[in-house]
Amino acid sequence: MARTDPFAHLNPILLKDVRAAFRTRRFAFTFMTYLSVLGAVIFIMLFVQLGSSKNVVPSDVGRDIFLTFILGLGVVTWFLVPAFACAALTGEREGETFDLLITTSFRPWDIVWGKLLASFAYVFVFYAGSLPLVCLSFLFGGVSPGQIGCCYLALTLAALFVISLSLMFSAVYTSSKRAVSSTYAILVFSGFPLLGMIIGLFEDRGSLRRVLAGVPLPVFFLTAVLYLSAIVLCLLCATNALKSPTENRSTNTRLFLCAFTALVTALGLWTAWEEMPAGKDLGWLLGIWLGVLGGILLLFPLLFCAEPPQRSRRLQFELGQHRPVLRPLMRLLYPGALSGFAFSLIWCTGLMALTAAALWILIHQKRADLPLFSETSTVGTAQALLVLPLALVFLLFFASLCLLMSYADFRTKNIRTVMLFLIVLSNVLPGVILVSAERRRADGQAGFNLYGLSPSFAEMSILMPPSTVFKDGSVKPLPILRGDVDFRGTWGCLYVKLDSPFDPRGVMMPQWVVAMAVYLSLSLVMLVLCAYLARRRRPPTPPEVAPATSET
Amino acid sequence: MIEVKGLHKSYGGFEAVKDVSFQVAPGTVFGFIGPNGAGKTTTIRMLSTLLEPTAGTALVDGHCVVNYPERVRQIIGYMPDRFGVYEGIQVWEYLEFFAAAYKLPRGRRRAIAEEVMELTDLTPLKEKLVSELSKGMRQRLCLAKTLIHDPKVLILDEPAAGLDPRARIEFRALLVELSRMGKTVFISSHILTELSGICQEVGIIEQGQILACGSVESIARALSPSRRVRIRVLRGAAEAVEWLKKRPEVLEAAADGETVRATLQGGEEVVPEIVKYLAGLDVPIAGLEQEHHNLETLFMQITKGAVA
Ligand SMILES: Nc1ncnc2c1ncn2[C@@H]1O[C@H](COP(=O)(O)OP(=O)(O)OP(=O)(O)O)[C@@H](O)[C@H]1O
Ligand SMILES: [Mg+2]
């Protein structure tokens with residue numbers, strides 16, 4: 001009877017899930033199918049290569065086997081992992097075991113951590129199981145230990161990313177189907193950089209390696225930081241989703257996002273500092289970096305302004321426990337839509353201001369031009385930095401919209417879904433319309449366009465002015481899409497046509513000015529509405545807290 | 001131990017629980033009874049921190065279920081009405097998992113699991129896969145899980161559903177034993193025989209509202225100040241009925257073969273008076289029996305007519 005469990009020191013959720021998963025026939029079936037498919041592909045490749053060509057280089061064969069192996073693992077990681085990792089928590093809900101699990105002494109983080117380990121164990125079995133096959137490539141040589149190490153690192157990172165993303169949706173949604181489809185939707189968009197990097201490591205004939213070689217070091221750091229932070233952020237969100245609504249589900253994410261955006265800004269400035277004298281390729285890098293930063297900053301309203309307006313009694317009590325000196329700061333960091341709004345705006349404005357100042361100094365110190373998107377055009381420093389206040393205005397708009405929805409008693413989850421769609425749509429849709437409608441507009445049918453109302457397009461309209469002073473002194477419209485169209489209306493201006501499509505008397509106004517005016521006034525209207533709703537809102541009757549004993 | 005005040009829960013526009021209030025003293029067995037769809041499970045899920053009340057408060061051992069769910073979770077052992085089990089896990093592994101989930105010390109998990117298996121008669125099934133257990137066995141497994149961290153309060157939602165008669169009796173004995181150990185038991189059911197005899201107090205709920213709450217006796221007294229007696233006579237039942245109907249304290253009387261059933265108004269003291277009265281009229285009384293209030297009749301009386 002006194003037999004001790006040899007696995008007693010393992011994480012209980014890991015132990016339970018591993019036992020449950022590996023004892024099923026489904027797992028054995030999936031694993032065997034995977035191995036036989038991978039094996040078959042590699043053997044067919046060997047057969048074809050060794051059989052057909054006259055002069056086979058063994059190292060090429062070795063490298064091809066290894067690449068196939070990595071691709072196989074990549075496919076498993078990207079497509080198979082979400083299929084089971086998404087079921088980690090929704091599976092418990094659907095199997096009606098979730099209530100039993102959540103009413104134990106496990107804290108949300110224990111559950112997320114256990115599920116992360118369990119999912120990773122599953123992936124690890126696939127990774128380890130294909131090792132005998134990859135050993136084939138050593139027969140032929142051609143793969144260096146460094147490359148193998150890099151691949152494993154990239155794969156592990158990718159697996160962690162996929163698992164954390166799946167866990168987040170698994171914690172947020174109640175059905176596996178929704179969790180899986182959301183995860184795939186995001187993976188489709190985020191998978192390319194990683195896949196590109198892996199292939200780039202091997203593609204020595206093509207140009208990718210050369211391009212990668214030209215990319216400055218901080219950009220690699222930036223990519224790593226982005227992926228790592230995405231992992232941490234997903235895990236934080238999963239943990240917070242499992243907490244009860246009265247608990248603090250916000251402060252950890254707020255602090256993390258502060259640290260993260262500060263880091264991204266520092267890395268961007270470092271890139272600028274390193275690469276400024278080189279001049280040439282800096283423009284697109286800086287543009288991409290500003291875009292990334294803007295995208296990340298949009299997370300602030302999405303996450304924090306969508307919170308419910310009122311703090312629970314528990315949170316009010318906990319807030320009161322902090323030292324009086326810290327209380328204003330904690331008030332900003334504690335959950336609540338209004339505090340989220342203030343927090344987002346304060347942090348983002350501060351960060352943007354610092355960035356603008358640093359860039360300004362940098363550019364003047366180095367006396368650099370800012371060539372953007374085209375080697376022959378230049379944009380003035382002040383004009384480039386206009387992107388930052390414009391981004392702030394968009395941020396203000398999205399934050400006010402979230403705040404308004406929160407005060408109108410929308411559910412947090414719904415607000416976030418709506419906002420996500422709105423942000424993606426407003427940034428992507430105009431591009432689709434633009435490409436499909438450009439011809440008709442050029443025929444003189446459409447008078448003016450509203451592309452500037454899209455955040456990404458408005459910012460591009462700053463970085464890509466309607467006409468550009470070329471180095472040789474001539475002034476021409478930017479040759480970006482097809483040559484027979486006047487793109488002034490598209491990129492740079494609110495273009496009201498008078499007589500003919502190219503009438504110079506057309507009233508022109510920079511799109512970013514229009515965008516700023518429109519979004520600022522919309523934000524103001526929404527904030528006024530918020531104030532009205534907040535005043536009309538009866539003070540809530542939150543469930544009473546137990547007498548003093550329960551507070552200690 | 002459990003204190004519920006003005007609890008409300010609405011799903012959309014539908015109010016499943018309306019203004020429910022009751023108290024459960026430490027160490028008592030509280031029966032929560034009501035017909036299907038009365039709102040028992042909804043109330044229990046709110047007590048178990050799984051559902052947020054729309055309004056009202058619920059305290060377990062002084063801790064608010066809304067504001068401090070993690071404290072309440074350590075105090076209660078919760079057994080849902082419907083639950084799933086993990087595939088590919090054996091009974092002892094299942095119990096050890098929950099022992100770990102309740103953060104019991106590593107070295108003692110095995111011993112505690114053995115103990116609760118003993119208590120719930122699961123020891124012979126120890127190595128069986130939980131997904132291969134029958135419904136009744138699963139029920140016992142879940143009860144074992146509920147007991148594993150030695151909770152002060154047990155919240156059981158229809159725990160005996162699906163048990164065979166023998167297991168049911170054993171289960172009742174187990175509940176009595178647990179109550180003797182000082183645990184507070186909150187148990188819901190619509191099967192009344194399951195609760196009668198073991199509950200010190202009951203709450204009767206229908207359509208989301210508490211209709212009656214308190215000890216069985218006090219509810220009975222409040223409900224009907226009358227008492228029913230069965231008088232067995234050797235002959236002349238019909239005449240006895242006629243005579244009985246003349247007395248003011250007799251509300252109702254009817255003959256049923258050799259038995260006369262009568263409903264009497266007033267306290268205990270009317271019974272000997274009636275006996276004396278009948279004896280004076282030469283009615284040969286062979287026996288007299290007072291009908292006791294049981295949960296079933298009470299329940300039928302209380303919920304009568306309120307069913308939608
Ligand atoms: N998730 C839900 N959404 C909408 N209505 C619900 C939900 N859960 C329960 N209800 C409704 O609330 C009412 C009370 O349900 P509840 O499950 O609490 O009843 P119950 O007393 O446990 O019944 P039973 O004896 O059948 O278990 C029912 O009318 C039910 O239809
Ligand atoms: Mg029920």
ask   = Just from its helices, what would the mean residue ellipticity at 222 nm be for chain B, if runs of 4 or more DSSP H residues each count -39500 (n - 2.57) and the sum is divided by every residue, rounded to the nearest 500 deg cm²/dmol?
value = -10000 deg cm²/dmol
Extension reserve of the residue B:108-residue B:290 stretch, reckoned as 0.36 nm per residue once the Cα distance is removed = 60.2 nm
task = Calculate the spin-label point distance for residue A:148 paired with residue A:531, positioning each point 7 Å from the Cα along the beta-carbon direction, and give it in nanometres.
result = 6.8 nm
request  = Quick one: work out Rg over Rh on the C-alpha atoms of the stretch B:27-133, Rh as Kirkwood radius.
outcome  = 1.02
query = Dipole of the stretch A:5-154 (Lys/Arg Cβ +1, Asp/Glu Cβ -1, origin at the Cα centre): which of A:87, A:39, A:10 lies farthest to the positive side?
reply = A:39
query = Order of B:103-114, B:31-42 by packing, highest average Cβ count within 10 Å first?
reply = B:31-42, B:103-114
ask   = Which of A:243/B:183; A:115/B:152; A:243/B:9; A:177/B:18; B:246/B:276 have a Cα-Cα distance over 26 Å?
value = A:243/B:183; A:115/B:152; A:177/B:18
task = Note every residue of the stretch B:117-156 with a reduction of at least 10 square angstrom in accessible area, all protein chains present versus the isolated chain, computed with a 1.4 Å probe, or write none.
result = B:126, B:127, B:145
query = Where does each of A:299-307, B:281-289 land if you order them by average Cβ count within 10 Å, highest first?
reply = A:299-307, B:281-289
ask   = Which net charge results when you count Lys and Arg as +1 and Asp and Glu as -1 among the other residues whose beta-carbon is under 11 Å from that of residue B:61?
value = +1
ask   = In nm, to one decimal, how far is the modelled label at residue B:135 from the one at residue A:41, with both set 7 Å along Cα→Cβ?
value = 4.8 nm
ask   = Hey, what did the stretch B:221-293 get for relative contact order, percent, Cα under 8 Å, at least 6 apart?
value = 44 percent
query = What distance in nm separates the simple spin-label points at residue A:96 and residue B:81, each placed 7 Å from Cα in the Cβ direction?
reply = 1.0 nm
key: For the stretch B:2-214: relative contact order, % (alpha-carbon pairs under 8 angstrom, 6 or more apart)   = 32 percent
task = Can you tell me the relative contact order of the stretch B:23-102? Whole percent, Cα pairs under 8 Å, sequence separation 6 or more.
result = 17 percent
remark   = On the accessible surface of chain B, probed at 1.4 Å with all protein chains in place, carbon and sulfur together account for a percent value of 51 percent
Local electrostatic count, residue B:162, Cβ distance below 11 Å [Lys/Arg +1, Asp/Glu -1] = +2
key: Inter-chain Cβ neighbour average for residues A:94-102, partner chain, 10 Å   = 6
task = Within the set of other residues whose C-beta is less than 10 Å from the C-beta of residue B:46, count the net charge using Lys and Arg as +1 and Asp and Glu as -1.
result = +1
note = Per-residue average of other protein chain Cβ atoms inside 10 Å, peptide A:111-122 -> 0
query = In peptide A:13-22, what is the residue-averaged number of other protein chain Cβ atoms found within 10 Å of each Cβ?
reply = 4
ask   = Any idea of the total accessible area buried by the A-B contact, 1.4 Å probe, rounded to 100 Å²?
value = 3800 Å²
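The values are calculated or read from the model by the stated rules, or taken from the named source; none is laboratory data. Keep in mind that this is a model prediction, so the values were computed, not measured. Cβ sites come from the backbone with ideal geometry, for glycine too, and all protein chains shown count toward neighbours. For the accessible areas, the whole protein counts, side chains as well, though only heavy atoms, and no ligand, DNA or RNA atoms are used. Shrake-Rupley method; radii C 1.70, N 1.55, O 1.52, S 1.80 Å.
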